[in-house]
Amino acid sequence: MAGQDAVCDVTGCENGAERSLSGKKVEKSDLSLKESTGRQVHLCKEHYREYKKFTKVDRKLETMGR
Ligand SMILES: [Zn+2]
């Protein structure tokens with residue numbers, strides 16, 4: 001039992017973490033994170049998908065702005 005069971009860092013989410021990402025990146029997304037997150041943020045499958053969706057949109061907007 002060595003810390004393998006990380007839990008998703010999104011507020012109110014109790015799912016097991018599937019991915020770990022840099023906290024700064026995730027902060028820029030729409031996901032609201034728990035207070036106790038460090039540099040690494042853990043996301044479950046579902047929220048990782050949401051995060052990816054957000055970054056995709058973000059990139060699109062950036063391209064359109066030019
Ligand atoms: Zn989650």
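The values are calculated or read from the model by the stated rules, or taken from the named source; none is laboratory data. None of the values given here were measured: they were computed from a predicted structure. Please note: Cβ atoms are built from the backbone with ideal geometry, for glycine as well, and neighbour counts cover all protein chains shown.
Scanning region 39-50 for residues that are in contact (Cβ under 8 Å) with a residue 24 or more places away in the chain and surrounded by fewer than 14 Cβ atoms within 10 Å (Cβ to Cβ) turns up Lys45, Glu46.
Yes or no, residue by residue, for (1) surrounded by 11 or more Cβ atoms within 10 Å (Cβ to Cβ); (2) acidic (Asp, Glu); (3) at pLDDT 95 or above; (4) not in a strand (DSSP E or B):
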| residue | (1), (2), (3), (4) |
| --- | --- |
| Gly3 | no, no, no, yes |
| Glu14 | no, yes, yes, yes |
| Leu31 | yes, no, no, yes |
| Thr37 | yes, no, no, yes |
| Lys52 | yes, no, no, yes |
| Thr55 | yes, no, no, yes |
| Glu62 | no, yes, no, yes |
| Arg66 | no, no, no, yes |
